[in-house]
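The values are calculated or read from the model by the stated rules, or taken from the named source; none is laboratory data. Fair warning: this is a prediction, and the values are worked out from it, not measured in the lab. Positions of Cβ are backbone-derived with ideal geometry, glycine not excepted, and every protein chain shown enters the neighbour counts.
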Amino acid sequence: MKQSPIWGILLSLAIYFALRYYGGETGRTLLYPINLLVTFLHEFGHAMGAIITGGQVVSIRVNPDGSGLATTIGGWRSIILMGGYVGSAIFGNLLFYFGARQPRYSKIALGVLSVSMLISGLIWVDTGFTFGFLIAFALSLLLISYYTNWDRWILMFLGMASIIFIVEDFRVGPSSDLAEYAKLFVVIPASVWMYIWLIIVVLLSIFNLRMIFNRPLTE
C-alpha cells in the first residue's frame, strides 16, 4: 500500500526538534553522528565541486567538534567554495527525496551514501577520527539496509535533519567559506553572500517538497 510521505516528514521533524531542543545531553549525543554527517556532506560537496571543475581532492577531514576541512587542488574556486554549503543541502534534499517519494530505490540510495563514505574514508581522509567515523557510519547504514526495512525512514530522517541543521547553521557553518568567497567577489561582502546561499538552500528545499508532493509515489 502506498504511504503518504507526510507522516515521514512529521515524524522526522518531531524526532529532530525533540532531540535538539528538549533532549538535553541525551538528545545532543543522539544527534552527534548526524552533525558529523552534515559536516561530511559539506566537505564532500567541496570535493565534488573540485572534481566536476577539473580539480583534485587531496583530503577530507571531519573533526570531533563538528568542524571539517576539504583540501583541493585546481578547479573553479567559486564552485568549490559554494559546493560545501549548497552542495550539502543538495545531498540532504536528495536523501529526503528518495526516502519520501522513491521508496523503491531507498536501499540503493542508502547504499550509494554508504559507498561514498567508504570510498572517501579509504582514499581521502587524513585523520584516524575521520576514518573511524566514515567507516562506522557507512557500515551501520549498510547493515540497516540489509537486515531491516527501515531504509526509507532512515533516509527521510537523515535528509530532513541535514536540511534543518544546514539552515539553522547558516551564520556559523560556512563562515570560512563565505570569507574566502567574498575575496573572490570583493564588491559583495560575506554577510550578503551568507543570505544569498541561505536563499538558494531554502529554494532548493521548497522545490524538493513540491517534487515530493506533486509526483506519484513510486513503491
Legend entry - Residue that is surrounded by the most Cβ atoms within 10 Å (Cβ to Cβ) [pool: residues in the stretch 16-58 that are under 18 Å from residue 137 (Cβ atoms) and among the small types (Gly, Ala, Ser)]: 47
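Would you mind finding the one in 206, 200, 166 that is buried (at least 21 other Cβ atoms within 10 Å of the Cβ), modelled with pLDDT of 90 or more and β-branched (Val, Ile, Thr)?
Numbers: 206 fails: buried (at least 21 other Cβ atoms within 10 Å of the Cβ); 200 fails: buried (at least 21 other Cβ atoms within 10 Å of the Cβ).
Answer to the selection: 166.
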Inset, instruction - Filter the stretch 117-173 for residues that are in contact with a strand residue (DSSP E or B) (Cβ under 6 Å, 6 or more places away or on another chain) and either without any contact (Cβ under 8 Å) to a residue 24 or more places away in the chain or in a loop (DSSP other than H, G, I, E, B) (or both) and give the result. - result: 124, 126, 127, 131
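For (1) closer than 22 Å to residue 157 by Cβ; (2) touching a helix residue (DSSP H, G or I) at 6+ places or on another chain (Cβ under 6 Å), each residue gets a yes or a no:
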| site | (1), (2) |
| --- | --- |
| 34 | yes, yes |
| 37 | yes, no |
| 74 | no, no |
| 90 | yes, no |
| 108 | yes, no |
| 119 | no, no |
| 126 | no, no |
| 133 | yes, yes |
Inset, instruction - Would you mind finding the one in 216, 174 that is modelled with pLDDT under 90 and buried (at least 21 other Cβ atoms within 10 Å of the Cβ)? - result: 174
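Assess whether residue 176 counts as being under 26 Å from residue 13 (Cβ atoms), without any contact (Cβ under 8 Å) to a residue 24 or more places away in the chain and assigned to a helix (DSSP H, G or I). Lay out the reasoning, then the answer.
Numbers: under 26 Å from residue 13 (Cβ atoms): no; without any contact (Cβ under 8 Å) to a residue 24 or more places away in the chain: yes; assigned to a helix (DSSP H, G or I): yes.
In short, no.
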Legend entry - One residue from 202, 112, 86 being in a helix (DSSP H, G or I), closer than 19 Å to residue 35 by Cβ and among the aliphatic types (A, V, I, L, M): 86
Inset, instruction - Inspect all residues belonging to the stretch 57-71 and state whether any of them is part of a helix (DSSP H, G or I), in contact (Cβ under 8 Å) with a residue 24 or more places away in the chain and within 20 Å of residue 181 (Cα to Cα). - result: no
